[in-house]
Amino acid sequence: MKNKVSIIGAGMTGSTTAHWLAEREIADLVLVDIVEGMPQGKALDLLEAMPVVYKDVRITGSNDYEATAGSDIIVITAGLPRKPGMSRDDLLTANAEIVRKAVDSTLQQSPDAIYVVLTNPLDVMSYLTMKVGRLPKNRVVGQAGVLDSARMRAFVAMELGVSVENVNCYVLGGHGDEMVPLTHASNVAGIPLDEILPPDRLEAIVDRTRKGGGEIVSLLKTGSAYYAPGVAVAQMVDAILKDKHLIVPAAAYLEGEYGLDDIFFGVPAQLGRNGVEKVYEYKLAEKERLALDQSAESVRQTTQALQSLVKV
Ligand SMILES: NC(=O)c1ccc[n+]([C@@H]2O[C@H](COP(=O)([O-])OP(=O)(O)OC[C@H]3O[C@@H](n4cnc5c(N)ncnc54)[C@H](O)[C@@H]3O)[C@@H](O)[C@H]2O)c1
């Protein structure tokens, strides 16, 4: 039987995720949105692109959750994106209601699905998904780290004039400006970044990575990034469906790892057919540990704000 992936929210990130996924030919796709005709139109357009790339993928759009029945994976991108000057946390109230509805409605149709969450504030929306759905922790993962690490890889490759293929970067922590780009574990062909780059250039790259989302928001003026977030989700979906046991930086539910408890937080997470199979722990330098604790405090505050808004 073919895999089925439903994407809730057919806006910029939802439709771009569908695009990247369709090219991989790994699942039939369903796009759901509240805007009438829009998911149907985007799905039909993408379906009509498939003969050109020789891919057999069924792609449908709907305003109705029944279309998602029997999905292996539900990707949640429904919600408002940031406007210039807004933090991801500013989206909390509006998006909590949207995500809660999306989880409730999709679970009725696909009781065994794994959830990949993209809606911001990411770590807290992942937490909400797990709690609202009463899901085991392996069935919810949030996309942030693949994107943040890819941004850092792009900046390092540009700085050194090397192929992105040689650059491995790892960004941990919450998906906010306090995220923690690791400068020793990240490397170029095995050489740690803090050995290959002068401190001022490395600091500039760390800073640009942290503010990478905001840089795009202020250039676009309306909406936020979608190509890189979409392909990041596609990589995670691919790893789950193919049972790859791929370790990616992603928001996972923590129960003691990194000394943190009862929050979703960006950590190296192994993805396979059962979702999050394992969380890996780095030995962190003192500076990194402090930065991670600061990022965790920020996620915890937003999680508490959520708890006061919604009963979870
Ligand atoms: N985690 C990340 O790395 C990351 C990256 C980019 C964007 N985001 C977040 O993803 C979310 C979506 O961003 P976007 O750029 O796609 O925004 P967008 O406005 O282009 O699309 C959002 C879509 O959600 C739909 N929607 C709203 N309420 C809905 C509901 N109840 N049911 C179904 N659909 C509904 C809207 O109609 C819209 O089409 C935002 O919260 C944004 O901040 C996260």
Which numbered condition in (1) within 11 Å of the ligand (Cβ to nearest atom); (2) under 23 Å from Thr303 (Cβ atoms) is the only one that Arg151 fails? (2)
When region 197-231 is examined, which residues are found to be of a type in the set (Phe, Trp, Tyr) and in a helix (DSSP H, G or I)? Tyr227
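For every residue, the table says whether it meets (1) within 21 Å of Met86 (Cα to Cα); (2) crowded, with 18+ Cβ neighbours inside 10 Å; (3) touching a helix residue (DSSP H, G or I) at 6+ places or on another chain (Cβ under 8 Å).
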residue: Thr183; (1), (2), (3): no, yes, yes
residue: Arg201; (1), (2), (3): no, no, yes
residue: Val217; (1), (2), (3): yes, yes, no
residue: Leu220; (1), (2), (3): yes, no, no
Is it the case, given these coordinates, that Ile59 is surrounded by 15 or more Cβ atoms within 10 Å (Cβ to Cβ), touching a strand residue (DSSP E or B) at 6+ places or on another chain (Cβ under 8 Å) and under 20 Å from Ala239 (Cα atoms)? no
Of the residues in region 214-229, those that are within 9 Å of the ligand (Cβ to nearest atom) and either on the phi > 0 side of the Ramachandran plot or basic (Lys, Arg) (or both) number 1
When only residues in region 87-113 that are among the hydroxyl-bearing types (Ser, Thr, Tyr) and either away from the ligand (no atom under 11 Å from the Cβ) or farther than 14 Å from Thr302 by Cβ (or both) count, which is surrounded by the most Cβ atoms within 10 Å (Cβ to Cβ)? Thr106
Out of region 122-148, which residues are more than 14 Å from the ligand (Cβ to nearest atom), in a helix (DSSP H, G or I) and in contact with a strand residue (DSSP E or B) (Cβ under 9 Å, 6 or more places away or on another chain)? Met130, Gly133, Lys137, Asn138, Arg139
Residues satisfying the stated conditions in region 253-271, i.e. buried (at least 18 other Cβ atoms within 10 Å of the Cβ) and either among the polar types (S, T, N, Q) or out of contact with any strand residue (DSSP E or B) (no Cβ under 8 Å at 6 or more places or on another chain) (or both): Gln270
The lone exception for Pro268 - which of (1) under 16 Å from Ser149 (Cβ atoms); (2) part of a helix (DSSP H, G or I) it fails: (2)
Against the condition within 30 Å of Gly214 (Cβ to Cβ) and either away from the ligand (no atom under 15 Å from the Cβ) or modelled with pLDDT of 95 or more (or both), how does Ile59 come out, does it pass? no
Hey, can you tell me all the residues within region 230-245 that are of a type in the set (Gly, Ala, Ser), within 11 Å of the ligand (Cβ to nearest atom) and either touching a Leu at 6+ places or on another chain (Cβ under 7 Å) or more than 8 Å from Thr17 (Cα to Cα) (or both)? Ala232
So Thr119 clears everything in (1) assigned to a helix (DSSP H, G or I); (2) among the β-branched types (Val, Ile, Thr); (3) within 8 Å of the ligand (Cβ to nearest atom) except one condition, right? Which one? (1)
Out of Ser126, Ser149, report the one residue that is under 16 Å from the mean Cα position of the chain (by Cα), closer than 16 Å to Leu254 by Cβ and in contact (Cβ under 8 Å) with a residue 12 or more places away in the chain. Ser126
Within region 253-274, can one find any residue that is more than 19 Å from Met125 (Cβ to Cβ), modelled with pLDDT of 95 or more and among the hydrophobic types (A, V, I, L, M, F, W, C)? no
Quick one: is Ser105 in contact with a strand residue (DSSP E or B) (Cβ under 7 Å, 6 or more places away or on another chain) and not aromatic (Phe, Trp, Tyr)? no
Run down Thr60, Thr77 and say which single residue is in contact with a helix residue (DSSP H, G or I) (Cβ under 7 Å, 6 or more places away or on another chain) and farther than 16 Å from Lys101 by Cα. Thr60
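Residue-by-condition table, conditions (1) surrounded by fewer than 18 Cβ atoms within 10 Å (Cβ to Cβ); (2) within 13 Å of the ligand (Cβ to nearest atom):
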position: Lys4; (1), (2): no, no
position: Ile7; (1), (2): no, yes
position: Thr17; (1), (2): no, yes
position: Asp33; (1), (2): no, yes
position: Glu36; (1), (2): yes, yes
position: Pro81; (1), (2): no, yes
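The values are calculated or read from the model by the stated rules, or taken from the named source; none is laboratory data. Worth saying up front: this structure is predicted, and the values here are computed from it rather than measured. Note that we place each Cβ from the backbone using ideal geometry, even for glycine, and neighbour counts take in every protein chain shown.
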